[in-house]
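The values are calculated or read from the model by the stated rules, or taken from the named source; none is laboratory data. Remember, it's a predicted structure, so these values are computed and weren't measured experimentally. Counting neighbours? That spans all protein chains shown, and the Cβs are built from the backbone with ideal geometry, glycine included. For accessibility, only protein heavy atoms count, side chains too; no ligands or nucleic acids. Shrake-Rupley method; radii C 1.70, N 1.55, O 1.52, S 1.80 Å.
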Amino acid sequence: MTFDYLTVVVLLGTSLLGGVAGVVGTFAVLRRRALVGDVLAHAALPGLCLAFLVLGTVQFAGLLVGALLSGLAGLALITLVCHATRTKEDAALGIVLSTFFGVGIVLLSIVQQQASGGQAGLKSYIFGQAGLMGRRDVYLIGTVAFVGLCAMTLFYKELKLLSFDPGFARAQGWPTLRLDLGLMAVLALVIIIGLPAVGVVLMAAMLILPGATARFWTDRLGRMLPLAGIVGAGSAAGATLLSAGMLTAWLGFDLFAFGDTTANLPTGPLIVLCGTAVLLVSVLFSPRRGVIAAMGRTARSRWRTGLENLLSTLYELGERQPDECPEVPLQAVLDRRRWRPWHARTLLWWASWRGLIERSDHAARLTQQGAQHAARIVRARRLWEAFLIHGVNIAPDHVHRDADAIEHLLPAELVERLEAELPKS
Amino acid sequence: MTVAYHRKPVLWDIDLIAPEGKLIGIVGPNGAGKSTLIKAVLGLVPAASGRVTFYGKPYARQRHRVGYVPQRESVDWDFPVTTTDVVTMGTYGQLGWLRRPGARQRETARRCLEQVGMTAMADRQIRQLSGGQQQRVFLARALAQDASIYFMDEPFSGVDAATESAILRLLQSLRREGKTVLVVHHDLPTVRQYFDHVILLNMRLIAAGPTETTFTNENLQKTYGGRLTILDEAAEAVRRGGPQP
C-alpha cells in the first residue's frame, strides 16, 4: 500500500477537519446548538452558488465567503422568525433550513445550465468530494483547525460553565451572549471549511457523531473533548481512504463491487457511515453505558437473586428440623419456586460449585457457608416485612410479595437500622 | 422594580430593602413571581423598570459578593462533569478569564463539599447523585463563591430529610458568619422555624418584615386569598399593547 502525494494531502485535510469538527461539535451539542450547525450548513448552499455566479470560478476561498454570508443570513432569519412571529425555535429552524436548501438547489441547476465548464466542482458541495482538495485548501483547513482548537482550549473553563449552567454563568458575571456568539463563530468557520469535503447535507453529522461516541467512554468533559477529536479525525481519515479507492487498492478487490468502484463515492456519506459505525460499536461495547454491559448487569442480578432465593428456600424448609443443616428434598424446593427446570438445574450447579450447598440426586443441604449467607437474606426479608407491618402499617397479607424482591438489594447498614427501628417486644 | 416576560408583567412595583445578616424567606403562591424576583435582581431576566443595588452599588460591580443557587431542574444532570467540577465552578468568578482552577480552588471545593456532607461523593459523575445530593452540590458551589449575599431558589423542594437538615444547618452557620441569605420557599408550616424575616409576594409585594410581626394570618390571607384578577387583566392588556378595538 503506497500513498501518493495527493492522497496524503487529502488525508491530512479531512483528518484535521474531522478532529476540529469533533471537538467544536461536542461543545455545540452540550450547549444544545447542534441543529444550528445543520442550518448553517444547509443555508450555505445558495451563497455558494451566488458566489460562483458572481466570481465565475470554483475557487475555494471565494466561494466560502459566499457560503459563510448566506449561512449567517439563515441564522439571523431564524432569530427574526422566532421573535417576530412567535414560531417555536425548532419549527423556525426547519423552515429556514429547507427554504435555503431549496433555493440553493434551484440556483445550482441554473448554474449547471450555463455551459461554462467551470461549474463541475460545484455539485460536489451537496455531498462532498474530498478528492478535489488541494494543498492550499489544506492550509486553510489547518489554520481554521488551529484557531478552533486554540479557542476551545483557552476558553475551556468558560465554555464548560456556559454549557452546564448558563444562568449561573450569567449571575457570576460572564458575558454569556458574547461567549455563545464566539462559540457559534468558531462553529460557523469549521462548517464552512468542511463543506467541500463533506457537503452541506451531512456536515452536521460530523459535528454530532464524535461527541456522542466519546460520551459512551467517559464521564469527564476534559477527556471527552480529545476523544471526540480523535474519533472525528479517525472516521474522516477512514472514509477518505475508502472514497479515494485506497481500501480497494490495498485489498486487491473492490469491497463494494456493485457497478461502480468506491473511488467515485462522495466523501460526506462515507464519513457519516464511518462515524456511525464507531458510534454503534460504542453503544454496544461501552463498559458503563453500553447495551451489552447493561444486559450483563441485568442478567447478573437476576442470577444472583435466583441463587439467593434457592439458599433462602433451603434455609426455610430446613428451619423446623433439629439438624443444623438438614437435607431438603429438591422437589420441595421446586414446589415453592416456579423455576423452569433448566434454570433450577443451573442454579443448583452454580450453588454447589461455589460451595454453598452439597447435593445428591434428589436432595440438597446448605453448607456452613451457604447457611450463613441464607440466614442473612432471610433475616433481611423478615426485618423488612416486620418494618412494613409495624412501621408503615401495611396489612400483613399485602406484605410478602414486595419483600420478596427487596431483600436482595438492602445494604447491610440499612438492615441494621431496620432492626434498630422495630419496637422491642 | 417591575419585571415582564414577553412584555407581560409578572411582578409589579416591588420596592424592597433586604436587611443585612438575616435569613429571609420569599413566600407566595405558585406563579407569584418568587423565582422571577430573584432572577430579576441577579439580572438573569431583564427588569422592565427599576434598579437594584447591593451595599449601595449596582449589581454589576458587586457580583463577586453574590452567591446563587438555581433550581435543581434548571440544568442537565447527565452533563459529563463530577461533583468536584461543579463545586469548583463557584470559584470561576474570582478566577476571571483564561486562568484555570488550581490547587487553591480544589481545596476550596473540597472544604465546601465537606460543609454540605458530600466528601464521599467528590469524584462521582453528577448523574449518580440523588436529588437531595444534587441540591447539596449546588449549595456547595454557592459556598465556593464566597459571597456576602446568597440567593437560593427553592433549595428545600423535593429533598430528603437528611438534606433538609443539612441545608438548615448551613443556613444557620451562614447567618452566624453575618451573611445575608434570601430563600425562595413554599412550604408554609416551616417558615416560622426557618426564617427571621419574610417577604410575602403575589405579583406585587404584600408585606416584608420580621417573621414575628409579618407572617400573620392577615398577611397570608392577602397573599394567598385569590389572585388579583385586576393585575392579571392589566398584565394581559400590557402584553397586547393597548385596548383592542
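Amide H contacts for residue A:328 (H built 1.01 Å from N in the peptide plane; partners 5 or more residues away or on another chain; cut-off under 5 Å): A:364, A:365.
I'd like to check one number: the per residue accessible area of the range A:153-238, probe 1.4 Å, reported in Å² as a whole number.
Details: 2580 Å² over 86 residues.
On a per-residue basis, the range A:153-238 sits at 30 Å².
Here the relative contact order of the range A:294-424, from alpha carbon pairs under 8 Å that lie six or more residues apart, stands at 24 percent.
Placing pseudo-labels 7 Å out from each Cα toward the beta carbon at residue B:217 and residue A:123 gives an inter-label distance of 8.5 nm. Annotation: amide H of residue B:54 within the under-5 Å range of B:59, sequence separation 5 or more or interchain, hydrogens built in the peptide plane.
Count charges around residue B:213 for me, please; just the other residues with Cβ under 15 Å from its Cβ, Lys/Arg as +1, Asp/Glu as -1.
Working: positive: B:22, B:192, B:222; negative: B:196, B:212, B:218.
Here the charged neighbours net out to 0.
When each of the peptides A:231-238, A:293-300 is scored by the mean number of other C-beta atoms lying within 10 Å of its residues, the order from highest to lowest reads A:231-238, A:293-300.
For the range A:268-364, applying the loop criterion from DSSP together with a ceiling of 13 other beta carbons within 10 Å to the GluC sites (Glu not before Pro) yields A:319, A:324. Longest stretch of chain B clear of exposed loop sites (chymotrypsin sites (Phe, Trp or Tyr not before Pro), DSSP loop, at most 15 other Cβ atoms within 10 Å, sites excluded): B:98-245.
Could you tell me which of rounded, prolate or oblate describes the range A:1-134, using a ≥ b ≥ c as the square roots of the eigenvalues of the alpha-carbon gyration tensor, with rounded for a/c under 1.5 and, failing that, prolate when a/b is larger than b/c and oblate otherwise? Mind dumping the intermediate values first?
Values: a/c = 2.81, a/b = 1.29, b/c = 2.18.
Since a/c reaches 1.5 but b/c is at least a/b, the shape of the range A:1-134 is classed as oblate.
Enter the accessible area per residue of the range A:258-380 (Å², integer; probe 1.4 Å; all protein chains in place).
Counting only protein heavy atoms, the per-residue value for the range A:258-380 is 61 Å².
Applied to the range A:70-78, the Karplus parametrisation 6.51 cos²θ - 1.76 cosθ + 1.60 on θ = phi - 60° returns per-residue 3J(HN,Hα) values of 6, x, 5, 4, x, 4, 4, 4, 4 Hz, with x for Gly and Pro.
Legend: residue pairs B:39/B:179; B:179/B:222; B:57/B:222; A:160/B:34, Cα-Cα distance threshold 25 Å; pairs beyond threshold, B:179/B:222; B:57/B:222; A:160/B:34. Any idea what log10 I(q)/I(0) is at q = 0.06, 0.10, 0.11 Å⁻¹ for the protein assembly as shown, Debye with uniform C-alpha scatterers and no solvent? For the protein assembly as shown at q = 0.06, 0.10, 0.11 Å⁻¹, log10 I(q)/I(0) is -0.53, -1.08, -1.14.
The chymotrypsin sites (Phe, Trp or Tyr not before Pro) found in the range A:80-178 include none that occupy coil by DSSP while having at most 16 further C-beta atoms within 10 Å.
With Cα atoms defining each centre, the range A:32-74 and the range A:187-236 are spaced 20 Å apart in the structure. Remark: relative contact order (chain A) = 18 percent; criterion is Cα-Cα distance under 8 angstrom and separation of 6 or more residues. Interface B-A: total buried accessible area of about 2900 Å², 1.4 Å probe, protein heavy atoms only.
Share of carbon and sulfur in the accessible area of the protein assembly as shown stands at 59%, probe radius 1.4 Å. Remark: the range A:294-424 projects, on average over all directions, an area of 9.3 nm² (convex hull of Cα atoms). Loop-located trypsin sites (Lys or Arg not before Pro) in the range B:21-54 (DSSP state not H, G, I, E or B) with no more than 13 neighbouring Cβ atoms inside 10 Å: B:51.
Determine the sum of side-chain charges near residue B:131: Lys and Arg each +1, Asp and Glu each -1, restricted to other residues whose C-beta is under 9 angstrom from that of residue B:131.
Numbers: positive: B:72; negative: B:160.
For residues surrounding residue B:131, the net value is 0.
Please label the shape of chain B as rounded, prolate or oblate, based on the square roots a ≥ b ≥ c of the eigenvalues of the alpha-carbon gyration tensor (a/c under 1.5 means rounded; beyond that, a/b larger than b/c means prolate, else oblate). Here chain B falls in the prolate category.
Taking amide H atoms as placed 1.01 Å from N in the peptide plane, the amide H of residue B:198 lies under 5 Å from those of B:25, B:209, B:211, each 5 or more residues away in sequence or on another chain.
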